[in-house]
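Enquirer: I have a structure here, written as structure tokens, and I will follow up with some questions on it.
The values are calculated or read from the model by the stated rules, or taken from the named source; none is laboratory data. If you're wondering where the values come from, they're calculated on a predicted model, not measured in any experiment. Here the Cβ positions follow ideal geometry from the backbone for every residue, glycine too, while neighbour counts run over all protein chains shown. We work out accessible area using only protein heavy atoms, side chains counted, and drop any ligands, DNA or RNA first. Shrake-Rupley method; radii C 1.70, N 1.55, O 1.52, S 1.80 Å.
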Amino acid sequence: MKNLKFEDLLKEELEDLYDAEKQIVAALPKMVEAASDGDLKAAFQEHLEQTREQVTRLERVFETIGEQPGSKTCEGMQGLLKEGEKMIEELEKSSVLDAALIGAAQKVEHYEISGYGTARSMAEFLGQQDAADLLEETLDEEKATDDTLTEIAESIMTGGASSEDEEEDEEEEEEEEVS
Ligand SMILES: [Fe+2]
């Protein structure tokens, strides 16, 4: 049995995220390819660029805490990405596949949000504020991606009408009633 210190636990959490991000970099091109909706394709492509930067940012976190990333396999991410791939294999290219891809991608984002939230807090508790700030930067990006995916899903499943459009429609209707 290993006798870990809190510092070791933070390092393990970071190694898990480091491997997860690299797996995501490898998986995203397949998701760009499988998506039909233009906005979704663009969102996956943008997230691919962002994820590459997140890998580099994690390397900076390791430097900041004076550690080297060891090799660790993130089995949780392997499972999530495998589920996504299965959908690409089984479903025809369509808006239904797009919605399924968004669901799979959001599970990935939530895994990351959870992992980065934990790592950020651990770094903070251990007095590693610079590392915590870097981790929070990525955490915010993952949350923003999750929100973007929710918006695109809404647009796909309601045939293009986002809730913003609906709000605008309602405002227009109200204006018409007044005049
Ligand atoms: Fe990420």
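Enquirer: Expressed as a whole percentage, what fraction of the accessible surface of the chain belongs to carbon and sulfur atoms when a 1.4 Å probe is rolled over the protein heavy atoms? Present the calculation step by step, with values, prior to reporting the outcome.
Expert: Working: 4900 of 10430 Å².
That share works out to 47 percent.
Enquirer: When only DSSP loop residues count, what trypsin sites (Lys or Arg not before Pro) in the range 73-106 have their Cβ near at most 14 other Cβ atoms within 10 Å? Before the final figure, lay out each step's value.
Expert: Values: sites: LYS82, LYS86, LYS93; in loops: LYS93.
Those satisfying the criteria are LYS93.
Enquirer: Rg (Å, one decimal) plus Dmax (Å, integer) for the alpha carbons of the range 21-79?
Expert: 13.9, 44
Enquirer: Over the chain, with a Gaussian network built from C-alpha contacts below 10 Å, which listed residue (GLU53, GLU89, GLU137) shows the highest mean-square fluctuation?
Expert: GLU89
Enquirer: Just reorder HIS47, HIS110 by solvent-accessible area, largest first, 1.4 Å probe, all chains present.
Expert: Numbers: HIS47 10, HIS110 100 Å².
The ranking, largest first, comes out as HIS110, HIS47.
Enquirer: What is the distance in Å between the Cα centres of the range 141-162 and the range 57-119?
Expert: Going from one Cα centre to the other spans 18 Å.
Enquirer: Excluding ligands and nucleic acids, what accessible area in Å² is computed for GLU124 using a 1.4 Å probe, to the nearest 10?
Expert: 80 Å²
Enquirer: If the cut-off is 26 Å between C-alpha atoms, which lysines fall inside it for LYS41, apart from same-chain ones fewer than 8 positions away?
Expert: Answer for LYS41, where 26 Å is the Cα cut-off: LYS22, LYS30, LYS82, LYS86, LYS93, LYS107, LYS143, listed by chain and number.
Enquirer: Can you give the three extents of the C-alpha atoms in the chain along their principal axes, from longest to shortest, in whole Å?
Expert: Result for the chain: principal-axis Cα extents of 70, 43, 27 Å.
Enquirer: What number comes out for accessible area per residue over the chain if the probe is 1.4 Å? Units Å², please. Present the calculation step by step, with values, prior to reporting the outcome.
Expert: Details: 10430 Å² over 179 residues.
Ligands and nucleic acids excluded, the figure is 58 Å² per residue.
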